[in-house]
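The structure appears right after this line, and notes come after that.
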Amino acid sequence: MAHQWRGVIREYIDRLDISADNPIITLGEGGTPLVEAPALAKLVGAERVMLKVEGMNPTGSFKDRGMTMAVSKAIGHGAKAVICASTGNTSASAAAYAAAAGIQSVVLIPEGKIALGKLSQAVAHKSQILQVRGNFDDCLDLARNLSANYAVHLVNSVNPDRIEGQKTGAFEIVDALGFAPDYHVLPVGNAGNYSAYFKGYLEDFNEGRIKRVPKMWGFQAEGSAPFVQGSPVKNPETIATAIRIGNPASWDLALSAQECSDGKFGAVSDKEILWMHRFLSNEVGVFVEPSSATGAAGLFKSAQQGDSLAGATIVVTVTGHGLKDAGWALKDEDGGDILPTVVNNNAAEVAESLGLN
Ligand code: AN7
């Protein structure tokens, strides 16, 4: 019998670091679709590629998995306010869960560098929003400083409760497939999600639910690729504003996940990201924000550069909904505006315009 998904804490309570009497703040996050992407499988020469569509979470990104844990535990500790730095999605999620919990949220965002959809979510959920003259890395330094010295609880992914909640993405994939994919591919900014998926798979492995962990493949934007460069990037730049991060918070966790899983990091250009963003919406039917196409773009680039994926089963996490940053869909490959043709209210004229006969 069909039942209502109860959110990741209740669904996985026995596998999460939260006590049974902790209050649970949930918006029903998790339980997101694992969508077959045959067009992408064909493109990269793999047996099977599936997208874990995290845009289907309550605030439209994967952040909700970690935020239900972080805000629930903040409430358990008696917090009256939460704070985060954000490139947009974390702030949207923190604002929504704080609203649900009946506490204040404070968000620090890099001036002018967050997508309109995400900013409107933080405003809608009555967050106190400050645009900082600086980049995300500066905002995170500020948020850490404020949470250390004032009565505000930090809900960035340096808070382990966030990673703990986000590991449920891996649990869901294993539960749905009954095995682990050969590769797990995702975009990387702070590398919190990359680290969280590995943690989830590793726990499944240690508890005997899977026979091996997938190779973890993480991709960054070329202008913002500290893991590829091997050191922090001072002035990260990319149109994929969600992952415009130069000094990743989960550096050590991610490196050990990469090593233990025999995985890798790679970089793709903004052009390659936008190409894949369009491919996923045109050919697969899944509309994501540009940053979210970075993993699939990296997978394609790896295949083009000679990585053989023949016979492989691959899961790609697409992290945020296309409507977050919808303007990119209205640009053609050369950056020109796409506007539907205007026609008169006349069937013959409409048919002609559509090329029908
Ligand atoms: C759509 O919201 O860092 O590697 O402040 O929004 O775990 O950082 C967002 C990150 C990928 C990268 N895709 O994840 C923030 C923020 C989307 C994102 C990432 C983000 P991490």
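Here is how the numbers come out for the structure above:
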| quantity | calculated |
| --- | --- |
| Residues located in the range 223-243, provided they are in contact with a Ser or Thr (Cβ under 7 Å, 6 or more places away or on another chain), among the hydrophobic types (A, V, I, L, M, F, W, C) and without any contact (Cβ under 8 Å) to a residue 40 or more places away in the chain | Val233 |
| Some residue of the range 245-265 being of a type in the set (Val, Ile, Thr), touching a helix residue (DSSP H, G or I) at 6+ places or on another chain (Cβ under 8 Å) and closer than 22 Å to Leu43 by Cβ | no |
| Residue identified as over 20 Å from Gly200 (Cβ atoms) and at pLDDT below 95 among Ile114, Ile75, Ile103 | Ile114 |
| Strands (runs of 3 or more DSSP E) wholly inside the range 62-175 that include at least 1 residues being open to solvent by less than 10 Å² (accessible area, probe 1.4 Å) and within 14 Å of the ligand (Cβ to nearest atom) | 81-85, 104-110 |
| Residue identified as open to solvent by 50 Å² or more (accessible area, probe 1.4 Å), away from the ligand (no atom under 16 Å from the Cβ) and free of Cβ contacts under 8 Å to residues at least 24 places away in the same chain among Glu333, Glu259 | Glu259 |
| Candidates Ala242, Ala180, filtered to the one that is within 12 Å of the ligand (Cβ to nearest atom), in the same structural domain as Lys324 (by the TED database) and at pLDDT 95 or above | Ala242 |
| Which numbered condition Ala347 fails, given (1) open to solvent by 50 Å² or more (accessible area, probe 1.4 Å); (2) touching a residue at least 60 places away in the same chain (Cβ under 8 Å) | (2) |
| Among (1) out of contact with any strand residue (DSSP E or B) (no Cβ under 9 Å at 6 or more places or on another chain); (2) over 30 Å from Asn235 (Cα atoms), the one test that Arg162 misses | (2) |
| Close pairs from the range 193-212: first outside the structural domain of Val316 (by the TED database) and closer than 18 Å to Thr90 by Cβ, partner among the aromatic types (Phe, Trp, Tyr) and modelled with pLDDT of 95 or more, Cβ under 8 Å, at least 6 apart | none |
| Any hit, the range 283-301, residues being of a type in the set (S, T, N, Q) and surrounded by fewer than 24 Cβ atoms within 10 Å (Cβ to Cβ) | no |
| Exclusive hit being at positive phi and either buried (at least 24 other Cβ atoms within 10 Å of the Cβ) or under 15 Å from the mean Cα position of the chain (by Cα) (or both), set Gly55, Gly30 | Gly30 |
| Residues being in contact with a Lys or Arg (Cβ under 8 Å, 6 or more places away or on another chain) and either closer than 26 Å to Asp252 by Cβ or aromatic (Phe, Trp, Tyr) (or both) - total across the range 262-301 | 5 |
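Residue-by-condition table, conditions (1) closer than 21 Å to Ala100 by Cα; (2) in a loop (DSSP other than H, G, I, E, B); (3) modelled with pLDDT of 95 or more; (4) assigned by the TED database to the domain that holds Phe279:
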position: Met1; (1), (2), (3), (4): no, yes, no, no
position: Arg10; (1), (2), (3), (4): yes, no, yes, yes
position: Asp14; (1), (2), (3), (4): no, no, yes, yes
position: Ile18; (1), (2), (3), (4): yes, yes, yes, yes
position: Pro23; (1), (2), (3), (4): yes, yes, yes, yes
position: Gly28; (1), (2), (3), (4): yes, yes, yes, yes
position: Thr32; (1), (2), (3), (4): yes, yes, yes, yes
position: Val35; (1), (2), (3), (4): no, no, yes, yes
position: Leu40; (1), (2), (3), (4): no, no, yes, yes
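The values are calculated or read from the model by the stated rules, or taken from the named source; none is laboratory data. Note that the structure is a prediction, hence the values are computed from the model and not measured. Here the Cβ is made from the backbone with ideal geometry for all residues, glycine too, and neighbour counts use every protein chain on show. With ligands, DNA and RNA removed, areas are computed over all heavy atoms of the protein, side chains included. Shrake-Rupley method; radii C 1.70, N 1.55, O 1.52, S 1.80 Å.
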